[in-house]
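Novice: There's a structure below that I have some questions on.
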Amino acid sequence: MSRCLEPLEVRVVASIRDVPGTHWDDTVARGHPFKSSAFLSCLEDAFPERCFAYVLMLRGGRLVGLALVTEERFDLGLRLSAAAERVASRVRRLLPGFLTVRLAMVGTMETAQRHWWVDTRLLSEEEFADALLVACEEACPRADLLVVRDFMEGDDADARMEARFLSRGFRPARNLPLAVVELEGRDFDAHLRRLRRKPRASVSKQLAAARRLGLKLERVHDFRPLLPECYPLYLQVHHHATELKRPPIPRSFFEHVSERLPGESSLLTLRTSDGQLVGFVLSGTSGRVHNPFVLGMDYARSRELPIYYSLLGGELAYAAERGCMQVDLGVTCYFIKQTLGATLEGMRMVARLRSRWLRPFLSPLLPVLLSEKQPERRRTFRHTETGAPQRTGASGSFTGTPASRSTRRALVVSTTP
């Protein structure tokens, strides 16, 4: 770094509306429909109890660094067994804060991959890491635990940034991986032809069953009138979630998305031949990325009807029709997603306790307490090509999905189908 660089100025603002111009969309969201400034405004208004802090770093009046920090009370009981959760709920009648911590996080519960940007020509990674930690202390002075996520495995820049925090007393942990389908200009049929014989036959069987049973898919862009019918199905999925447990997304979030992202959001509904709604997906679409974000499903019908395959197949077909290069399927339910041709991107995070006197005792336990059990990675393509996804700043949300093989609870990942 040049010695003649001007001093670094750090500002913290409380809303994405206070981030000037299009800096967030240009540098962090980078074309992801559900990581945009409009999307973040929906999160802010849907979760008023959560603290949002946007860290702006300026040098000579020019923006050279940007990051998002959130803080909320995190329920550690969500990582326990059902019986332990019930005991914790009874204790909370007397001690409301029992088994909860104030969690500050560089990122949000609903998005994934990088939540920061730095112009390394004018700001070193060392200086950025130091400034970000100072800003976190200022924005979240009462936080018990600070988590920085997500560092993508195999990304050199992310590895360097992760090392900066590890050298500052943070401990590493593994997040759940992100499932991504690389369409790269293929139509849906061409994508399916890439699959190995067994997964291709499985997908074809499920989609043929959907046609035989008369299931009907419909893409709805003005979907707010459907929310009274859809939201209870989302709550069913949320109730059955195993890999990712967290409080449900409020209905107001769906309403905000409908109002503020009319050109980027849509609802894919699945109905029986007599018109009964049995499933839906809320999705975001840009010119490059399609992101199925939240799933709703009628679990009473899920054993007899191929609901999940129908919805996910419909999302992949729509993304191909729109010319999207990538489909971000978020986290959880990896077996079905890999059957449909998704590859898994590993994600890492780092954590540090705020209390200096507790760090020597509890810090060594953080990798065990926070790390998620990694799913089996399957080879689903016919050739040596793996379809490894490109680093695109994907948000990652399609979570809380059915038939999870793992009973581990995720701490900080994305949202729900």
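Novice: Can you tell which of Thr285, Thr332 is over 20 Å from Pro262 (Cα atoms) and of a type in the set (Ser, Thr, Tyr)? Break it down stepwise before answering.
Specialist: Numbers: Thr285 fails: over 20 Å from Pro262 (Cα atoms).
Step by step, each of Thr285, Thr332 is checked, and only Thr332 is over 20 Å from Pro262 (Cα atoms) and of a type in the set (Ser, Thr, Tyr).
Novice: Continuing with this model, one more query. Out of Arg114, Arg142, report the one residue that is open to solvent by 30 Å² or more (accessible area, probe 1.4 Å) and more than 25 Å from Asn291 (Cβ to Cβ).
Specialist: Exactly one residue qualifies, and that residue is Arg142.
Novice: Let me ask another. Residues of the stretch 316-334 being aromatic (Phe, Trp, Tyr) and either farther than 22 Å from Ala201 by Cα or under 18 Å from the mean Cα position of the chain (by Cα) (or both), which ones?
Specialist: Tyr334
Novice: Separate question: How do the pairs read when you match residues in the stretch 344-373 that are at pLDDT 95 or above with residues anywhere that are open to solvent by 30 Å² or more (accessible area, probe 1.4 Å) and part of a helix (DSSP H, G or I), using Cβ under 7 Å and keeping only pairs 6 or more apart or on different chains?
Specialist: Val350/Leu166
Novice: Taking interchain pairs and intrachain pairs at least six residues apart, which have beta carbon atoms under 7 angstrom, with the first residue in the stretch 307-319 and open to solvent by less than 10 Å² (accessible area, probe 1.4 Å) and the second modelled with pLDDT of 95 or more and of a type in the set (Gly, Ala, Ser)?
Specialist: What qualifies is Ile307/Gly279; Ser310/Ala210; Leu311/Gly279; Glu315/Ser283.
Novice: If you don't mind, another one. For Asp298, indicate whether it is at pLDDT 95 or above, open to solvent by 10 Å² or more (accessible area, probe 1.4 Å) and charged (D, E, K, R).
Specialist: yes
Residues checked against (1) aliphatic (A, V, I, L, M); (2) over 21 Å from Ala241 (Cα atoms):
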residue: Gly296; (1), (2): no, no
residue: Arg301; (1), (2): no, no
residue: Glu304; (1), (2): no, no
residue: Gly314; (1), (2): no, yes
residue: Tyr334; (1), (2): no, no
residue: Ala342; (1), (2): yes, no
residue: Arg348; (1), (2): no, yes
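Novice: Failed condition for Glu315, given (1) out of contact with any strand residue (DSSP E or B) (no Cβ under 8 Å at 6 or more places or on another chain); (2) within 26 Å of Asp25 (Cβ to Cβ); (3) not in a loop (DSSP other than H, G, I, E, B), with all others met?
Specialist: (1)
Novice: Still on this structure, please answer the following. Restricting the search to the stretch 35-46, which residues are open to solvent by less than 10 Å² (accessible area, probe 1.4 Å) and not in a helix (DSSP H, G or I)?
Specialist: Lys35
Novice: Out of the residues in the stretch 199-252 that are open to solvent by 20 Å² or more (accessible area, probe 1.4 Å) and among the hydroxyl-bearing types (Ser, Thr, Tyr), state the one that is farthest from Leu316 (Cα to Cα).
Specialist: Ser252
Novice: Arg114 versus (1) part of a loop (DSSP other than H, G, I, E, B); (2) farther than 24 Å from Arg30 by Cα; (3) in contact (Cβ under 8 Å) with a residue 24 or more places away in the chain; (4) not small (Gly, Ala, Ser): which is the lone unmet condition?
Specialist: (2)
Novice: Cβ contacts < 6 Å: first residue in contact (Cβ under 8 Å) with a residue 24 or more places away in the chain, restricted to the stretch 198-214; second residue exposed (fewer than 13 other Cβ atoms within 10 Å of the Cβ) and not in a helix (DSSP H, G or I), any location; separation 6+ or different chain. Result?
Specialist: So the pair list comes out as Gly214/Ser273.
Novice: Can you find a residue that is of a type in the set (S, T, N, Q) and part of a strand (DSSP E or B) anywhere in the stretch 244-267? Don't jump to the end; show me each part of the working.
Specialist: Step one: of the stretch 244-267, the residues of a type in the set (S, T, N, Q) are 252, 258, 265-266.
Then drop every residue that is not part of a strand (DSSP E or B), which leaves 265-266.
Yes; the residues of the stretch 244-267 include at least one that is of a type in the set (S, T, N, Q) and part of a strand (DSSP E or B).
Novice: Further, regarding this structure: Provide a single number: the residues in the stretch 338-364 that are under 22 Å from the mean Cα position of the chain (by Cα), more than 23 Å from Gly287 (Cβ to Cβ) and outside any loop (DSSP other than H, G, I, E, B).
Specialist: Matching residues across the stretch 338-364 total 9.
Novice: Right, another one. Within the bounds of the stretch 91-103, is there any residue that is buried (at least 22 other Cβ atoms within 10 Å of the Cβ) and either closer than 25 Å to Val19 by Cβ or at pLDDT 95 or above (or both)?
Specialist: The answer is yes, given that some residue of the stretch 91-103 is buried (at least 22 other Cβ atoms within 10 Å of the Cβ) and either closer than 25 Å to Val19 by Cβ or at pLDDT 95 or above (or both).
Novice: Next question, about the same structure. Could you please give the count of residues in the stretch 1-34 that are within 16 Å of Tyr54 (Cα to Cα) and either in a loop (DSSP other than H, G, I, E, B) or at pLDDT below 95 (or both)?
Specialist: 6
Novice: Next question, about the same structure. Ser167 is checked against (1) farther than 18 Å from Leu68 by Cβ; (2) polar (S, T, N, Q); (3) open to solvent by less than 50 Å² (accessible area, probe 1.4 Å) and fails just one. What number does that condition carry?
Specialist: (3)
Novice: Let me ask something else about it. Could we say that Leu176 is within 30 Å of Arg359 (Cβ to Cβ) and surrounded by 21 or more Cβ atoms within 10 Å (Cβ to Cβ) here?
Specialist: When the stated conditions are applied, Leu176 passes them.
The values are calculated or read from the model by the stated rules, or taken from the named source; none is laboratory data. These numbers come from a predicted model, not from an experiment. Quick reminder, even Gly has a Cβ in these numbers, built from the backbone with ideal geometry, and neighbours come from all protein chains shown. Accessible surface is based on the protein model in full, side chains and every heavy atom, while ligands, DNA and RNA are left aside. Shrake-Rupley method; radii C 1.70, N 1.55, O 1.52, S 1.80 Å.
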